[in-house]
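Here is the structure we will look at, set down as structure tokens.
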Amino acid sequence: MSLPQVDPERYSQLLAAKQQRLLQQFAEFELPAVEVYESPREHYRMRAEFRTWHEGDDLYYVMFEPGNNRAPVKVTHCPMVSERIHEVMFALLDAIRPVKELRYRLFQVDFLSTLSGELLVSLLYHRQIGDDWVAAVTPLREAFNIDIVGRARKSKIMLDRDYVVETLPINGRDYRYIQTENSFTQPNAEVCRHMIHWALDVTGDSAGETDLVEFYCGNGNFTLPLAQNFRRVVATEISKTSVNAARDNIVNNGIDNIDVLRMPSEDLVKVLRGEKETRKVAGLALDTCNFSTVLVDPPRSGLDDDTVQQVVAYERILYISCNPDTLQQNLREICKTHTIERFAMFDQFPYTDHLECGVWLVKKG
């Protein structure tokens with residue numbers, strides 16, 4: 001991971017340049033006015049991973065330039081991470097450095113924080129850890145008011161939790177999300193809130209009369225708020241950790257019209273086509289659903305061809321993309337049958353070339 005050059009004075013200029021590149025890339029499509037959602041200028045990342053570097057008894061964080069893992073750059077400040085992470089990360093390393101049991105063969109430190117200030121720290125080792133490690137690390141949990149996870153090959157020790165609970169205020173309601181370490185969560189919480197608000201807005205005319213099918217639902221980031229706009233939501237996710245978190249989040253938020261299935265998106269595609277049967281959908285009566293809308297939030301590789309063909313069968317498509325290149329490729333096929341009604345740019349990763357896009361498409365005719 002390389003460290004972006006955080007420069008708040010240049011943020012607007014960099015964002016405008018990013019928007020211009022996006023417009024040029026998607027010039028082949030008839031785009032509506034692009035809706036642009038900014039990031040906080042500093043302290044925007046709720047999670048971060050840092051490699052550690054050892055020189056004798058010294059220990060410090062390092063980053064690497066892309067493609068060069070032999071030239072570490074020492075990290076002495078990091079304005080991109082949340083204020084909670086920043087206030088702890090260097091003091092924590094100062095506390096670890098003189099304790100051999102904590103320092104020895106530590107190769108990475110991961111941080112996961114929330115808007116409310118919860119913080120989980122994962123310490124990763126190239127050796128086994130046990131009771132001696134627990135005794136040495138326990139005072140740090142109390143000193144910094146953090147939860148701690150120690151991980152080594154085929155082992156994991158928790159003090160006391162391996163998750164945080166993020167609370168996102170959305171349209172007057174607080175949504176509580178269990179976010180587990182070492183699993184995917186949206187890194188920029190404020191931009192994530194923009195994305196959810198936008199998704200609620202574009203699907204707002206459903207009036208709870210039709211149903212939503214969602215691929216790649218993760219821990220329910222979009223699923224939970226969007227359930228208010230639909231009669232029923234059926235979502236799928238392949239990660240066991242994310243599925244368990246999503247199901248807990250549904251219960252903890254008191255939502256009763258969501259079913260989350262653990263299966264690949266391509267399997268649910270086959271189930272909905274009637275080409276596959278599985279006990280995982282027993283009792284769900286999917287044949288009674290009126291799936292007017294599909295939500296896809298795929299990995300960087302985008303949608304595979306089979307999923308694209310399933311997606312275009314729906315009247316309305318909400319496509320959240322973390323990779324404009326694969327989004328562009330998918331839209332070339334999707335726009336044969338659908339029109340782009342809304343297009344949003346979310347600056348999830350300021351000071352980098354990366355961005356998230358949201359596209360709302362409606363079937364032609």
* **Rule-of-thumb Rg ratio for region 203-247 [Cα; 2.2 N^0.38 Å; N residues]** => 1.15
* Do any GluC sites (Glu not before Pro) in region 168-251 lie in a loop, going by DSSP, with at most 11 other beta-carbon atoms within 10 Å of their beta carbon, and if so which? -> GLU209
* **Cα centroid of region 18-66 to Cα centroid of region 309-341, whole Å** => 24 Å
* When N is the residue count of region 284-365, what does its C-alpha Rg come to as a fraction of 2.2 N^0.38 Å? -> 1.15
* With every protein chain present, what is the per residue accessible area of the chain (1.4 Å probe, Å²)? -> 46 Å²
* **Mean projection area, nm², convex hull over Cα of region 244-283** => 3.3 nm²
* Anything over 18 Å Cα to Cα? Flag those among LYS336/LYS364; LYS276/LYS364; LYS18/LYS364, in the order listed. => LYS276/LYS364; LYS18/LYS364
* Structure fact -> In whole Hz, the Karplus estimates of ³J(HN,Hα) for region 282-297 (6.51, -1.76, 1.60; θ = phi - 60°; x where Gly or Pro) are 4, x, 7, 6, 5, 5, 8, 7, 10, 6, 7, 10, 10, 10, 10, 9
* To do: Mind pulling the angle between the C-alpha long axis of helix 240-252 and the longest principal axis of the chain? Nearest 10 degrees, somewhere in 0 to 90.
  => 80 degrees
* Asked: For region 85-191, what is the convex hull (Cα atoms) projected area averaged across all directions, in square nanometres?
  -> 7.1 nm²
* Structure fact -> Stokes-Einstein D for region 1-117 (4 °C, 1.567 mPa s, Kirkwood Rh from Cα pairs), in µm²/s, comes to 77 µm²/s
* Asked: Kirkwood hydrodynamic radius for region 116-250: how many Å is it when counted over pairs of different Cα atoms?
  -> 16.8 Å
* Asked: Quick one: of the DSSP bridges fully inside the chain, what percent are antiparallel, nearest 5?
  -> 60 percent
* When the chain is fully extended, how far beyond the present Cα-Cα distance does LYS276 get from ASN69, taking 0.36 nm per residue of separation? -> 70.0 nm
* Structure fact -> The answer for trypsin sites (Lys or Arg not before Pro) in region 2-76 that fall in a DSSP coil and have at most 11 neighbouring Cβ atoms within 10 Å is ARG70
* Asked: region 109-168: Rg/Rh from Cα coordinates, Kirkwood Rh?
  -> 0.99
* Tell me, what is a quarter of the convex hull surface for the C-alpha atoms of region 205-336, in nm² with one decimal? -> 7.8 nm²
* Asked: For the chain, with equal point scatterers placed on the C-alpha atoms only and solvent neglected, what are the log10 I(q)/I(0) values from the Debye formula at q = 0.08, 0.15 1/Å, to two decimals?
  -> -0.45, -1.33
* Structure fact -> Placing +1 on each Lys and Arg Cβ and -1 on each Asp and Glu Cβ in region 1-107, then taking the dipole about the Cα centre, the residue among HIS77, GLY56, MET46 whose Cα reaches farthest towards the positive end is GLY56
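The values are calculated or read from the model by the stated rules, or taken from the named source; none is laboratory data. Predicted model, so just to flag it, every value in this text is computed and none were measured. Because the Cβ atoms are built from the backbone with ideal geometry, glycine has one as well, and the counts that use them run over all protein chains shown. When the accessible area is computed, the model is the full protein with side chains, heavy atoms only, and any ligands, DNA or RNA have been set aside. Shrake-Rupley method; radii C 1.70, N 1.55, O 1.52, S 1.80 Å.
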